[in-house]
Amino acid sequence: MDRPSGKALVAVLAAVGASIGAAAAVVWHVAVADPQELGVTHARPSWFPVTLYLVAAGVAIGLVAASFLVDSGLRIVQDRERSRVHLFVLLIVVGAALGAGSALAWTHWPPQPTEAASDWSWEHPLSIEINSPPAADFGWTATDTYMAETYVTDAVYVQYLGDDLVTSTFTPTIGDPWLVFPIGGVAIAALAALTLSLRDFRLTVVSRSDQDAV
């Protein structure tokens, strides 16, 4: 059995916080808050400095939590005889808390929808050639010169470009961030706990008078 280490606990929680922050940065870059509509685009944050902010926030929260836990006597020790449940519980709780923090940030700072620039005039439905919205403004990409059919309805213009001319892109939608982010945080933390437990790392409690604990 190795000596119980507080530094190991600090390193583990900082690594879990950084991992969850990096995962949140990926979600910020690829997902949207609401389903995309025609003529609406989403201003996605760039990879930098958003990734730096989220990873730094995860590390900071992990270090703060670790400082309190180390002061309370929690340590990590390599001992196969001890139960691995306590380490799983601790990391899952921390992962859920970090996921909830990501959900809170998402509700205040999601990718913002912006109206696409448009000068269309909808007051003259017979002016089809002028008023029909171009396919590119709807996010469609034509691969060849093609005369699209235009259908006039009471509400909007609908253009059919053919299945071979429409480029489909998959955009994940975060409908309930308070469910998605905590589950993601728990999954990442549980994976970290599983990795540590397979290497016989366990969570233990030492007394304040134990001078051997680092």
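General remarks:
- A 1.4 Å probe, protein heavy atoms only, puts the accessible area of His108 near 140 Å².
- Label-point separation, Ala22 to Val89 (7 Å along Cα→Cβ), nm: 3.0 nm
- Summed side-chain charge close to Ala193 - residues other than Ala193 whose Cβ falls under 12 Å, Lys, Arg +1, Asp, Glu -1: +3
- Across segment 6-34, the residues whose backbone nitrogen lies under 19 Å from the label position 7 Å along the beta-carbon direction of Ser46 are 25-31.
- Net charge of neighbours whose Cβ lies under 13 Å from the Cβ of Val12, counting Lys and Arg as +1 and Asp and Glu as -1: +4
- Förster radius 22 Å - calculated FRET efficiency between Ala15 and Ser207, Cβ distance, rounded to 0.05: 0.25
The values are calculated or read from the model by the stated rules, or taken from the named source; none is laboratory data. Bear in mind the structure is a predicted one, so any value in this text is a computation, not a measurement. Reconstructed Cβ throughout: ideal geometry from the backbone, glycine too, with neighbour counts over all protein chains shown. Heads up: the accessible areas ignore ligands, DNA and RNA and are worked out on the full protein's heavy atoms, side chains in. Shrake-Rupley method; radii C 1.70, N 1.55, O 1.52, S 1.80 Å.
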